[in-house]
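Chemist: Dropping the structure in here first, questions after.
Throughout, read-outs are computed from the coordinates displayed, never taken from laboratory work. Given the structure is predicted, the values throughout are model-derived calculations rather than measurements. Because the Cβ atoms are built from the backbone with ideal geometry, glycine has one as well, and the counts that use them run over all protein chains shown.
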Amino acid sequence: MNSEILQSTQQTKTIRAWIKKEKEETAILLRCIPATVVSLFVVSVICMNLLANKTLVQTEWIALDGGILISWLSFMCMDIITKHFGPKASNKIAVLAAAINLLTCLIFYIASVIPSNAADYTALNGILGGTWFILFGSTVAFLASAVINNFLNWTIGKAFKNNPDSKRAFAAQTYISTFLGQFMDNFIFAIIVFVFFAPIFWDGFHWTIVQCAMCSLTGAVAELFMEIVFSPIGYKIVKRWHKYNVGQEYLTYMKVGQ
C-alpha cells in the first residue's frame, strides 16, 4: 500500500515537473519567435476557416474552396518555424493558432445568434455561424497535418548533412512536407465531414473514399504550386533569422535541456 502511494506521489511530481518545464519552454519560445510570423500564421488559420465557406471549383473529382488562397501561408510559416526553431516549436505555435481560431469562431457564433434587423443579417450569419462538425473536422485535420508537416520537414532536413541550409535543402523540405501535409489535411477533413457527418446532417449527402482521396490530391497539388511560388520568401526569412541569431535564448535553452 505504501509503495503504491509513493509511486502515485512520484508520478504526480513527474507530471507537475513536466508541466512546469513545458510552460517555461513555451514562454521562452513566445518571447523569442518574431511576432510578425506568429501573427500571419494565426490570421491565415482564421482566414482558412472563413474562406472554406466559399467553393471555388467543384466537380465529381475536384473540390477547391477559398481556403486554398491562404493555406499556403500557414504551411510556409510552419516550415520557417520548423527550419529555425525545430518541429516541437512549430507544433506549439500550431496549437496556439488552433486555439485562437476556436475562440474566434466562438465569438463569431455568439455574434451570429444575436438578433438584428440589418439587411445583411442572414448572409452574415451564414459566414459567422458556421457548422460545428466542419469546425471540428478542420481543427482535427489542421493539427494532424501540422504535426505531419513539421516532422517530415525536420526529418528531410536531416538528410542534407553537408549543406543543410542550402536552397536545395529548403526546397526539398518545404515541397515534400507541404504536399504530404496538405494532402493529409484535406483527406482527414473530407473523411470527417463528408464521410462521417454529412450523411447524418445533410440528408444522406456524402463522398466516397475515392472522391475524398482524389479531391485531397488535386487540392494538395494546387496548394503545392502556391508553396513553390512563395517559398523563396520563406527561405530569405530563415537566412535572415540565422544571420541575426533570432531566438537564441530558446535555441540555447533547448540545447541545454537535451
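Chemist: Taking square-rooted eigenvalues a ≥ b ≥ c of the alpha carbon gyration tensor, is segment 33-257 rounded, prolate or oblate, where a/c under 1.5 means rounded and, failing that, a/b exceeding b/c means prolate?
Modeler: Values: a/c = 2.29, a/b = 1.58, b/c = 1.45.
Prolate, because a/c is 1.5 or more and a/b exceeds b/c.
Chemist: Here is a follow-up. Which net charge results for the neighbourhood of K23, defined as the other residues with beta-carbon distances under 15 angstrom from its beta-carbon, given Lys and Arg at +1 and Asp and Glu at -1?
Modeler: Numbers: positive: R16, K20, K21, R31, K88, K92; negative: E22, E24, E25.
Counting the neighbours of K23, the net charge comes to +3.
Chemist: Take the chain, connect every pair of alpha-carbon atoms lying under 10 Å apart with a spring to form a Gaussian network, then pick out the residue of I134, I68, I209 with the largest mean-square fluctuation.
Modeler: Between I134, I68, I209, it is I209 that shows the largest mean-square fluctuation.
Chemist: Loop-only trypsin sites (Lys or Arg not before Pro) in segment 144-234, please: DSSP not H, G, I, E or B, and at most 12 other Cβ atoms within 10 Å.
Modeler: On the way: sites: K158, K161, K167, R168; in loops: K161.
When the trypsin sites (Lys or Arg not before Pro) of segment 144-234 are filtered for loop state and at most 12 Cβ neighbours within 10 Å, K161 remain.
Chemist: Mean Kyte-Doolittle of at least 1.0 and a Cα length of 30 Å or more along the axis: which whole DSSP H helices of the chain meet both?
Modeler: Long hydrophobic helices here: 87-113, 132-158.
Chemist: Choose one answer from A98, A171, A27: the residue with the largest mean-square fluctuation in a GNM of the chain with alpha-carbon springs under 10 Å.
Modeler: Checking each option, the largest mean-square fluctuation is seen for A27.
Chemist: Please give the peptides 141-147, 176-182 ranked by average Cβ packing (other Cβ atoms within 10 Å per residue), highest first, as a rough proxy for protection.
Modeler: 176-182, 141-147
Chemist: Rounded, prolate or oblate: pick one for segment 154-206, where a ≥ b ≥ c are the square roots of the eigenvalues of its C-alpha gyration tensor, a/c under 1.5 means rounded, and failing that, prolate if a/b is larger than b/c, else oblate.
Modeler: It is prolate, given that a/c is not under 1.5 and a/b is the larger ratio.
Chemist: Return the single residue from I19, I156, I33 with maximal mean-square fluctuation; model: Gaussian network over the chain, springs between Cα atoms under 10 Å.
Modeler: The residue with the greatest mean-square fluctuation here is I19.
Chemist: Also, I was wondering about something else. Calculated from DSSP H runs of 4 or more alone, at -39500 (n - 2.57) each and per residue, what is the 222 nm mean residue ellipticity of the chain, nearest 500? Could the numbers behind the result be given before it?
Modeler: On the way: 10 runs with 202 residues, N = 258.
That calculation yields -27000 deg cm²/dmol at 222 nm.
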